[in-house]
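Colleague: Dumping the structure here so I can ask a few things about it.
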Amino acid sequence: MQKKIVAGNWKMNTTFQEGEALVKAIIAGKNETPDDVLLIVAPPFTHLCCLTEPLREAGIGVAAQNCASEEKGAYTGEVSAKMLASIGVEYCIIGHSERREYYGETGEILLKKVQQSLSAGLRPIFCVGEVLAEREANRHFEVVGQQLDEVILKLTPADFAKTIIAYEPVWAIGTGKTASSEQAQEIHAHIRKVLVGKFGGAANDTAILYGGSCKPSNAKELFAQPDVAGGLIGGASLVADDFIAIAKAG
Ligand code: 13P
């Protein structure tokens, strides 16, 4: 049985001091969470250097929210996967819909980011998901299939084995609208089918997380679905009690 994963994506929230206090509260609450739930926290870049050590000492995984598509060099303002790995970061969220939509990150760019992460020793948490119009046109399987095809299906089996997938329907992110557990299971099973089609039985062990208005009240039902390995949590991960309550549902 794979460990469930509950990962908090803080996005562009918290000052360093607020982030430090939030980490303290999450660490304090961790002993209430089941042993078979892996907690991961993804604070902003500015916080990572100071917060990675206490988080890892507490047995909590640390993720970055993004990394550069290039290895190093004259790319002002960018942060490389190698830099992140050098301070103990273990995971990197890549392909979040906010990066795709607001920063024009295409499949080609995302493949480079995933490859940079993997070669630096970071495990990518690769996000896929359709917008509302695509769901309404019944194109969600096709859209998610293409997002996987552009990036994940191009990986070697060894790299694929290190990758975590997060299905985040864009219409559910920050809207309070959650996919029903049936909708989540249906598309998670589809994602798994696509992955098994390419990588065979190894894909049965791939963690596929659900993200989008996941909260203490709906986490249990979502996480109980056979192909839902946990959650990628936005808003609720900024409130330690809620984040811990979601982890308890794992
Ligand atoms: P919310 O939980 O705020 O809907 O955000 C989900 C998300 O985008 C996590 O990456």
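The values are calculated or read from the model by the stated rules, or taken from the named source; none is laboratory data. Bear in mind the structure is a predicted one, so any value in this text is a computation, not a measurement. Cβ placement follows ideal geometry from the backbone for every residue including glycine, while neighbour counts extend to all protein chains displayed. Ligands, DNA and RNA are stripped out before the accessible areas are found, and what is left, the full protein with its side chains, is counted by its heavy atoms. Shrake-Rupley method; radii C 1.70, N 1.55, O 1.52, S 1.80 Å.
Colleague: Enumerate the pairs (first residue in region 158-184 and under 17 Å from Ala7 (Cα atoms); second residue anywhere and acidic (Asp, Glu) and open to solvent by 40 Å² or more (accessible area, probe 1.4 Å)) with beta-carbon separation below 8 Å, excluding pairs fewer than 6 apart on the same chain, so at least 6 apart or on different chains.
Modeller: Once the first residue is under 17 Å from Ala7 (Cα atoms) and sits in region 158-184, its partners that are acidic (Asp, Glu) and open to solvent by 40 Å² or more (accessible area, probe 1.4 Å) give Ile173/Glu98.
Colleague: From Glu136, Glu98, Glu105, which residue is among the acidic types (Asp, Glu), touching a Lys or Arg at 6+ places or on another chain (Cβ under 9 Å) and over 18 Å from Leu232 (Cα atoms)?
Modeller: Working: Glu136 fails: touching a Lys or Arg at 6+ places or on another chain (Cβ under 9 Å); Glu98 fails: over 18 Å from Leu232 (Cα atoms).
Within the list Glu136, Glu98, Glu105, the selection yields Glu105.
Colleague: So Gly174 ticks every box in (1) in a helix (DSSP H, G or I); (2) within 16 Å of the ligand (Cβ to nearest atom); (3) open to solvent by 70 Å² or more (accessible area, probe 1.4 Å) but one. Which box is left unticked?
Modeller: (1)
Colleague: Being open to solvent by less than 70 Å² (accessible area, probe 1.4 Å) and not charged (D, E, K, R) is the filter here, so list the residues in region 1-14 that pass it. Talk me through it step by step, then tell me what you get.
Modeller: Within region 1-14, the first condition is being open to solvent by less than 70 Å² (accessible area, probe 1.4 Å), and the residues that meet it are 4-11, 13-14.
Passing the criteria: Ile5, Val6, Ala7, Gly8, Asn9, Trp10, Asn13, Thr14.
Colleague: Can you pull out the residues in region 118-147 that are surrounded by fewer than 23 Cβ atoms within 10 Å (Cβ to Cβ) and part of a loop (DSSP other than H, G, I, E, B)?
Modeller: Selection gives Gly121, Val131, Ala137, Asn138, Arg139.
Colleague: Can you tell me which residue is nearest to the ligand (Cβ to nearest atom) among those in region 95-116 that are among the hydroxyl-bearing types (Ser, Thr, Tyr) and either more than 17 Å from the chain's Cα centre (by Cα) or over 15 Å from Gly129 (Cβ atoms) (or both)? Lay out the reasoning, then the answer.
Modeller: Step one: filter region 95-116 for residues among the hydroxyl-bearing types (Ser, Thr, Tyr), giving 97, 102-103, 106.
Within this subset, residues satisfying the condition of being either more than 17 Å from the chain's Cα centre (by Cα) or over 15 Å from Gly129 (Cβ atoms) (or both) are 102-103, 106.
Details: Tyr102: 13, Tyr103: 14, Thr106: 19 Å.
So the residue we want is Tyr102.
Colleague: It is to be established whether one or more residues within region 193-215 are within 14 Å of the ligand (Cβ to nearest atom) and open to solvent by 40 Å² or more (accessible area, probe 1.4 Å).
Modeller: Checked against the condition, which is being within 14 Å of the ligand (Cβ to nearest atom) and open to solvent by 40 Å² or more (accessible area, probe 1.4 Å), region 193-215 yields at least one hit.
Condition check ((1) in a helix (DSSP H, G or I); (2) without any contact (Cβ under 8 Å) to a residue 24 or more places away in the chain) across all residues:
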| site | (1), (2) |
| --- | --- |
| Thr52 | yes, no |
| Glu70 | no, no |
| Gly73 | no, yes |
| Glu78 | no, yes |
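Colleague: Shifting gears a bit: Taking interchain pairs and intrachain pairs at least six residues apart, which have beta carbon atoms under 7 angstrom, with the first residue in region 97-112 and open to solvent by 50 Å² or more (accessible area, probe 1.4 Å) and the second not hydroxyl-bearing (Ser, Thr, Tyr)?
Modeller: Listed by first residue and then by second, the contacts come to Arg99/Asn66; Arg99/Glu105.
Colleague: Tell me yes or no: at least one residue of region 47-65 is farther than 20 Å from Asp242 by Cα, surrounded by fewer than 18 Cβ atoms within 10 Å (Cβ to Cβ) and hydroxyl-bearing (Ser, Thr, Tyr).
Modeller: No, because not a single residue in region 47-65 is farther than 20 Å from Asp242 by Cα, surrounded by fewer than 18 Cβ atoms within 10 Å (Cβ to Cβ) and hydroxyl-bearing (Ser, Thr, Tyr).
Colleague: Across region 223-250, what is the total count of residues that are in a helix (DSSP H, G or I), open to solvent by 10 Å² or more (accessible area, probe 1.4 Å) and not aliphatic (A, V, I, L, M)?
Modeller: Within region 223-250, residues that are in a helix (DSSP H, G or I), open to solvent by 10 Å² or more (accessible area, probe 1.4 Å) and not aliphatic (A, V, I, L, M) number 4.
Colleague: Right, here's the next one. Need the failing condition index for Leu38 against (1) closer than 17 Å to Gln116 by Cβ; (2) open to solvent by less than 60 Å² (accessible area, probe 1.4 Å), just the number.
Modeller: The single condition Leu38 does not satisfy is (1).
Colleague: Is it the case that region 78-94 has a residue that's open to solvent by less than 50 Å² (accessible area, probe 1.4 Å), within 16 Å of the ligand (Cβ to nearest atom), in contact with a Gly (Cβ under 9 Å, 6 or more places away or on another chain) and over 17 Å from Leu48 (Cβ atoms)?
Modeller: No, that holds for no residue.
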